[in-house]
1. List the number of the failed condition for Lys147; all other conditions in (1) in contact with a helix residue (DSSP H, G or I) (Cβ under 8 Å, 6 or more places away or on another chain); (2) closer than 30 Å to Glu185 by Cβ; (3) of a type in the set (D, E, K, R) hold.
2. Would you mention how many residues in the stretch 128-142 are more than 19 Å from Ser23 (Cβ to Cβ) and either within 8 Å of the ligand (Cβ to nearest atom) or in contact with a strand residue (DSSP E or B) (Cβ under 7 Å, 6 or more places away or on another chain) (or both)?
3. Please verify whether the stretch 185-192 includes one or more residues that are closer than 28 Å to Ala119 by Cβ, part of a strand (DSSP E or B) and within 16 Å of the ligand (Cβ to nearest atom).
4. Of all residues in the stretch 62-87, how many are surrounded by fewer than 24 Cβ atoms within 10 Å (Cβ to Cβ) and farther than 21 Å from Lys47 by Cβ?
5. Answer yes or no: is there a residue in the stretch 37-44 that is more than 10 Å from the ligand (Cβ to nearest atom) and of a type in the set (Ser, Thr, Tyr).
6. Looking at the stretch 219-227, can you tell me whether even one residue there is over 21 Å from Tyr63 (Cβ atoms) and not assigned by TED's automatic domain parsing to the domain that holds Asn37?
7. Restricting to the stretch 10-34, what's the tally of residues that are acidic (Asp, Glu) and either in a helix (DSSP H, G or I) or out of contact with any strand residue (DSSP E or B) (no Cβ under 6 Å at 6 or more places or on another chain) (or both)?
8. Within the stretch 64-99, which residues are among the charged types (D, E, K, R) and either within 22 Å of Phe126 (Cβ to Cβ) or within 16 Å of the ligand (Cβ to nearest atom) (or both)?
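The values are calculated or read from the model by the stated rules, or taken from the named source; none is laboratory data. Worth saying up front: this structure is predicted, and the values here are computed from it rather than measured. Neighbour counts run over all protein chains shown; Cβ positions are idealised from the backbone, glycine included.
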Amino acid sequence: MTLDSAKIVYFSPTRTTEKIIKSLSQSIESSKIEFLNLTRPENRQQKVTLKQDELLIIGLPVYGGRVPNVLREWFTQLEANETPAVCLSVYGNRHYDDHMIELKEMVTKQGCKAFAHAAFIAEHSFLCQPPENYIPRPNSKDLEVAKDFGQAIQSKISLAKSINDLTDIPLIGELPTDIKDTLHEDFIFVEDSCTNCGACAQLCPVDAINQTNCTITNPEKCIACCACIKFCPRNSRVMKPSKIYQYSKMMDKLLKKPNQIELFIK
Ligand SMILES: Cc1cc2nc3c(=O)[nH]c(=O)nc-3n(C[C@H](O)[C@H](O)[C@H](O)COP(=O)(O)O)c2cc1C
């Protein structure tokens, strides 16, 4: 099979999924590679139609063991026609639970044929004060594995005579029958060092931060992605006592047992 083009689609508030998917895509041989970053709401408005000789590579973070709810509407407009697809589940070293199966089902429902999957490990979004000497994941080894996985995908496509040769292997998890609630919490405290520069409001994936007064965050919109905390140029945004803060304090434990990347490709 020869690919006419490839679409690399991702949602990545704290940019770890973006790093992994970009490393993988370096191995894809196509003169037309298009990136679609779904993180900002305006980028989730455009309709996406995929062709048969196009490859979709989609990477999403794991939120509560599932696909983040904020993307559900985007999926309903995705139109594919037996388009080969690769799915990446990126998680913060706890577990990906049913994310992989759910993501596969979501792309299949829209007309894709998902034939390769992977679970990659990233720094957990809630880890806002990493311990000393901590090397964040994805590390250089993880990114090499992503590149090699891209090569395996490319050679599988090159060897396939038709889409029927792109067979899949069983995944881990169970197909969910419900939609889990999104985690909404009033957990952000803005320190006096904030200059109201607006950087946080511009990167928020759900426009939860007031554009004219950045100290105001709407907890009903906020999805706790922590991008505003991680990328504040003055580190003015911190967690205040809350469930998420409690959870963030347990992150050190997660770092002690680093999980292995899992690749699902025949
Ligand atoms: C609301 C929320 C829920 C999360 N749930 C899980 C989880 O169930 N398991 C896990 O291992 N990591 C979990 N994480 C961590 C993210 O999956 C991980 O940090 C991911 O790499 C973030 O992707 P990004 O950097 O592309 O935004 C969660 C993060 C957030 C913000």
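1. Failed condition: (2).
2. We begin by selecting, within the stretch 128-142, every residue more than 19 Å from Ser23 (Cβ to Cβ); these are 128-134.
Checking the rest, the ones that are also either within 8 Å of the ligand (Cβ to nearest atom) or in contact with a strand residue (DSSP E or B) (Cβ under 7 Å, 6 or more places away or on another chain) (or both) come to 128.
So the count comes out to 1.
3. Of the stretch 185-192, the ones closer than 28 Å to Ala119 by Cβ are 185, 187.
Now narrow it down to the ones that are part of a strand (DSSP E or B): none.
Looking for residues that are closer than 28 Å to Ala119 by Cβ, part of a strand (DSSP E or B) and within 16 Å of the ligand (Cβ to nearest atom), one finds none in the stretch 185-192, hence no.
4. Narrowing the stretch 62-87 to residues surrounded by fewer than 24 Cβ atoms within 10 Å (Cβ to Cβ): 63-66, 68-83.
Filter once more, so that each one left must be farther than 21 Å from Lys47 by Cβ: 63-66.
Total satisfying the criteria: 4.
5. No; the residues of the stretch 37-44 include none that is more than 10 Å from the ligand (Cβ to nearest atom) and of a type in the set (Ser, Thr, Tyr).
6. Filtering the stretch 219-227 down to residues over 21 Å from Tyr63 (Cβ atoms) leaves none.
No: zero hits.
7. Our first condition is that a residue be acidic (Asp, Glu); within the stretch 10-34, this holds for 18, 29, 34.
If we keep only those that are either in a helix (DSSP H, G or I) or out of contact with any strand residue (DSSP E or B) (no Cβ under 6 Å at 6 or more places or on another chain) (or both) too, we end up with 18, 29.
Total satisfying the criteria: 2.
8. Taking the stretch 64-99 first, the residues among the charged types (D, E, K, R) are 66, 72-73, 79, 82, 94, 97-98.
Those that are among the charged types (D, E, K, R) and either within 22 Å of Phe126 (Cβ to Cβ) or within 16 Å of the ligand (Cβ to nearest atom) (or both): Arg66, Arg72, Arg94, Asp97, Asp98.
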